[in-house]
Amino acid sequence: MTRIPSKAEILDWIAAHPTHTSKRDIAKAFGIKGSDRIDLKRILKELEAEGHLEKRKKTYRDPERLPPVSVLQIKAPDGDGDLFARPLEWHGEGVEPVVLVMPRASDPALGEGDRILARLTVVQDAEYHYEARLIRRIGTNPRRVIGIFRKGDEGGRIVPIDKSASTEWAVAENATHGARDGELVEAEQAGPKSRLGLPRARVVDRLGDPSAPKAVSLIAIHQHGIPDHFPDDVIAEADAAKPMGLKGREDLRDLPLITIDPADARDHDDACYAHADDDPKNPGGHVIWVAIADVAAYVQPGSVLDREARKRGNSSYFPDRVVPMLPDRLSGDLCSLHEGVPRACVAVRMQIDADGNKIAHRFVRGLMRSAASLHYAEVQEAMDGAPTDRTGPFLEPVIKPLYAAYAALVKARAERQPLDLDLPERKIVLDEKGTVASVNFRDRLDAHKLIEEFMVLANVAAAETLIKKRTPLLFRVHEEPSPEKLEALRETARAAGLALAKGQVLQTRHLNALLHGAAGTDDAELINISTLRSMQQAYYGPENFGHFGLALRNYAHFTSPIRRYADLIVHRALITAHGWGDDGLDTAEIERLEQTATHISETERRSMMAERDTTDRYLAAYLAERVGNEFEGRISGIARFGAFVKLDETGADGLVPVRSIGREFFHFDAEAGTLMGADTGLIIAIGQRVKVRLAQATPVTGGLELELLSIEDKPMPAGGGGGRRSPAGRSVKRKSAKAKAKRSKIKRKVERKRRS
């Protein structure tokens, strides 16, 4: 252990070296390293408290600060081997901030003059101002591959898990990163491709067992063909981008716009601000500003960035990672509305009356500076009477006016009556190893609803403006349910003792009456799930057929151009409509709008499927250690081969195979959505409360097999004797089951006529 100097020795050294008095200088002078610096810091704090030392203020003023993701240029190592970097995006006044690069063992070697993209962390009470962690070295973007490592005599090879990739990769003995045979690994190309033999790669990360949680999302990404690697020219174009200035833009930097996002958000693409309207013609009204990152300024039509963004269609979100639509240089930096940093935006100023009706709006292309990056929970806590040092200064001038405007929008929402589903969303929480730590319900705070309502209003304004200016665009379309699905919903409602209006043009208010009638009952979840399943899937299209679920005639996606290509199209349409520049919609884009709409609707569905598969696999891995345990749940689906059960605790869906239910034949009635026992007459139907035992969990496929123990608190009957029926016996029982089903249908028809 290094000897810690006394207070007297420290004071003597400082007196002799007045220009080298930082903690780092003192530590170097006395050879203090590692954890011993904690003791040095304690002594310096004591000397400061005793009045012997006065902590110097920072030697620079930084009104704008460095962006959280910045381009840096590596300097020559200092005498201690520490690596510092010059921030290439520093535009503040005073002394340039000092940035220390914190290399990790897996990072490539960096030398003087290298340009890197790094994520910065502000450091308090230190001799440098930021710590930087490498994202990547600019100009290098080696090809990556995910596959199974197969060990060989001289290293090994990698078999890609992507079915479309037929080529294996050779791995040298010194490039295996310790990978074991059969492990899932991530590797990158090592050197130029040889004309002979397999391409060479080096393992950069061992992901372990292919069925382990850490590998789950990667498998889904590759199985569904989601591009997760940016080509070199795309990276180069993104890296060459520079921050936008004020030229040609409206200066919004004095508006206290703030971003409100999840606590773990890495990008911020929307900001908002509201205040009471001072127009005497609008008593009790409000003005709402919504500012969105101006992605169109960086992603030009026809550029390699644009082609890659269109190819991806949208970002994909998984519990452990994000596959972005745009490279991190844009999505996490230049197009992210970071606190205190000037950013290009497209903003809309909206006037609403006291009842929340929009009475006017106008769009501007501007330059903003976010006053704060807050998250939902802390905003809600501030509004509920528990402000923090971060939220306190914004409570009166910003947060309360936002909630006041939201309260008016709630009135308009109640009048409009969009579909009011109540389906709690579950969140998978992972630990540092990528293992599922818990499955929680996502909070639904007023702060969440506030942002949602503001974004809906801004999306409506965008659609209305482009319709008025006769500019082509992509609408977000949600058509009304089909008659067949509505009839199935009516049957489900009738079984629960509820009714859905018939014989009139269906509106969301009719569905809401059904949902509210079921609220607080045992059938509430069933009715909500059934209503959701009766809905058509939303899509993008150049023709406007309205949005049924939101009860809106005109609707387009405008508020998330960082993660949705449809929004980027709408931004370009607004640029063209307002004559803001030559980076709007070009003729070629307009001609292929329908093709683009079809493509990005498909990529959206692809992402949803991959995200769903990943969730299923994580849940199966989470429950794998609880095989044999009993769970409460509800029948959520019926098929010929069995019944699906949604478990209350986790929301996981498992299958009760029909072969495992008793010892009798079960007749499947697709119209009624039931399974009926041929011997006992037992009916298994959607919505029934059940108790099940987890028989099997398979993380690789995400499958859960369940054993049915009871239905509606009644234990399962023994069923007909003699085991499963022979084919002849089955035929008899099948006829019996059909006869019973037919009689049941007749009874239902008679009952319906009697009620009408």
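The values are calculated or read from the model by the stated rules, or taken from the named source; none is laboratory data. None of these values were measured; they are calculated from a predicted model. In this analysis, Cβ positions are derived from the backbone assuming ideal geometry, glycine residues included, and neighbour counts consider all displayed protein chains. Surface areas here come from the heavy atoms of the whole protein model, side chains and all, with no ligands, DNA or RNA. Shrake-Rupley method; radii C 1.70, N 1.55, O 1.52, S 1.80 Å.
Across segment 325-456, how many lysine pairs separated by 8 or more positions, or lying on different chains, have Cα atoms within less than 25 Å?
7
Among GLN351, THR674, LEU402, which residue has its Cα positioned farthest towards the positive end of the charge dipole of the chain, with +1 placed on the Cβ of Lys and Arg, -1 on the Cβ of Asp and Glu, and the dipole taken about the Cα centre?
THR674
Output the peptides 312-321, 559-568 sorted from most to least packed, where packing is the average of other Cβ atoms within 10 Å over each peptide's residues.
Answer by packing, highest mean first, reads 559-568, 312-321.
Hey, can you rank 388-398, 593-603 by average C-beta count inside 10 Å, highest first?
Final packing ranking: 593-603, 388-398.
Helix check for the chain. Which DSSP H runs span at least 27 Å along their own axis by Cα, with a mean Kyte-Doolittle hydropathy no less than -0.5?
Once both thresholds are applied, what remains is 446-468.
With a ≥ b ≥ c the root eigenvalues of the C-alpha gyration tensor of segment 279-389, is it rounded (a/c under 1.5), prolate (a/b larger than b/c) or oblate?
Note, shape of segment 279-389 comes out oblate.
Taking R0 as 51 Å, what FRET efficiency do you get between GLN223 and LYS75 from their Cβ-Cβ distance, rounded to the nearest 0.05?
Rounded to the nearest 0.05, the efficiency is 0.70.
Which stretch or stretches of segment 604-632 have amide N atoms under 19 Å from the point lying 7 Å from GLU543's Cα along the Cα→Cβ direction?
Under cut-off, by backbone N: nothing.
Counting heavy atoms of the protein chains only and a 1.4 Å probe, report the per residue accessible area for the chain as a whole number of Å².
Spelled out: the 1.4 Å probe surface of the chain, per residue, equals 49 Å².
Expressed in nm to one decimal, what extension gain is obtained for the pair ARG533 and ALA265 from 0.36 nm per residue of sequence separation less their Cα-Cα distance?
93.5 nm
At ASN357 and THR121, where each label point lies 7 Å from the Cα along Cα→Cβ, what is the point-to-point distance in nanometres?
Label-label distance for ASN357 and THR121, simple model: 5.3 nm.
Which entry is the computed Rg/Rh (Cα atoms, Kirkwood Rh) for this structure: (i) 1.43; (ii) 1.02; (iii) 0.98?
So the structure-derived entry is (ii).
Just need the Rg to Rh number for segment 567-613, please, alpha carbons only, Kirkwood Rh.
Rg/Rh: 1.15.
In segment 399-479, which GluC sites (Glu not before Pro) fall in coil by DSSP and have 11 or fewer other Cβ atoms within 10 Å?
GLU425, GLU432
Taking the Cα centre as origin and putting +1 on Lys and Arg beta-carbons and -1 on Asp and Glu beta-carbons, what dipole magnitude results for the chain, to the nearest 20 debye?
In debye, rounded to 20, the chain gives about 3740.
How large a share of the accessible area of the chain, in percent, is made up of carbon and sulfur atoms when the probe is 1.4 Å and the other protein chains stay in place?
50
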